[in-house]
1. Quick check on my filter: what residues within segment 22-44 are free of Cβ contacts under 8 Å to residues at least 24 places away in the same chain and within 19 Å of Glu72 (Cβ to Cβ)?
2. Report, by residue number, each residue of segment 1-42 that is farther than 12 Å from Val101 by Cβ and not in a helix (DSSP H, G or I).
3. If you check Leu66 against the conditions, is it open to solvent by 40 Å² or more (accessible area, probe 1.4 Å), at pLDDT below 90 and among the aliphatic types (A, V, I, L, M)?
4. Restricting to segment 23-55, what's the tally of residues that are modelled with pLDDT under 80, open to solvent by 40 Å² or more (accessible area, probe 1.4 Å) and among the hydrophobic types (A, V, I, L, M, F, W, C)?
5. Select from segment 1-14 the residues that are over 11 Å from the mean Cα position of the chain (by Cα), open to solvent by less than 80 Å² (accessible area, probe 1.4 Å) and either farther than 13 Å from Glu81 by Cα or of a type in the set (Val, Ile, Thr) (or both) and list them in ascending order.
Amino acid sequence: DKQWILHNWNDDECIQILKRCKEAIPGQEKGGKVIVIDIVLENHKVDQELVETQLFFDMEMLIYILGRERTEKEWAKLFCEAGFSDYRIAHILGYRSLVEVYP
C-alpha cells in the first residue's frame, strides 16, 4: 500500500522523505499537513490480537526489509528531526493509526 511508505525505511531515510513532504506542502497556517497511515506500536487502546498483529508486522519488517514499526515516541523523534512542529495520532484503523503531521 502506498500509504504504508514510511515503515519500509530506516530512520534516516524516513527523515529525508518527511523533509521532502514538508517542502511540498503549505505552512500550517494555510492548512498544510502530511497524513501518515501506519502502525504505532504500544497503542494502549487496542486488544491483545491487534498487539500481536503489530508485533508480527514489526518482525516481518526486520526480516524482509530494512524498515520497522515504531512507537509514538519514535515517530515523534522522526517528525521533529524532519522539521515538523506538531502531530496528532488517531488510533482508529484497527492496528493502523492515522497520523496528521504539521509543519
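1. If the condition is that a residue be free of Cβ contacts under 8 Å to residues at least 24 places away in the same chain and within 19 Å of Glu72 (Cβ to Cβ), then His44 is the only one that fits.
2. Within segment 1-42, Asp1, Ile5, Trp9, Asn10, Pro26, Gly27, Gly31, Ile39, Val40, Leu41, Glu42 qualify.
3. yes
4. Adding up the residues that qualify gives 3.
5. Of everything in segment 1-14, just one residue is over 11 Å from the mean Cα position of the chain (by Cα), open to solvent by less than 80 Å² (accessible area, probe 1.4 Å) and either farther than 13 Å from Glu81 by Cα or of a type in the set (Val, Ile, Thr) (or both), namely Asn10.
The values are calculated or read from the model by the stated rules, or taken from the named source; none is laboratory data. All of these numbers come straight from a predicted model, not from anything done at the bench. FYI the Cβ positions are ideal-geometry reconstructions off the backbone, even for glycines, and counts take in every protein chain you see. Heads up: the accessible areas ignore ligands, DNA and RNA and are worked out on the full protein's heavy atoms, side chains in. Shrake-Rupley method; radii C 1.70, N 1.55, O 1.52, S 1.80 Å.
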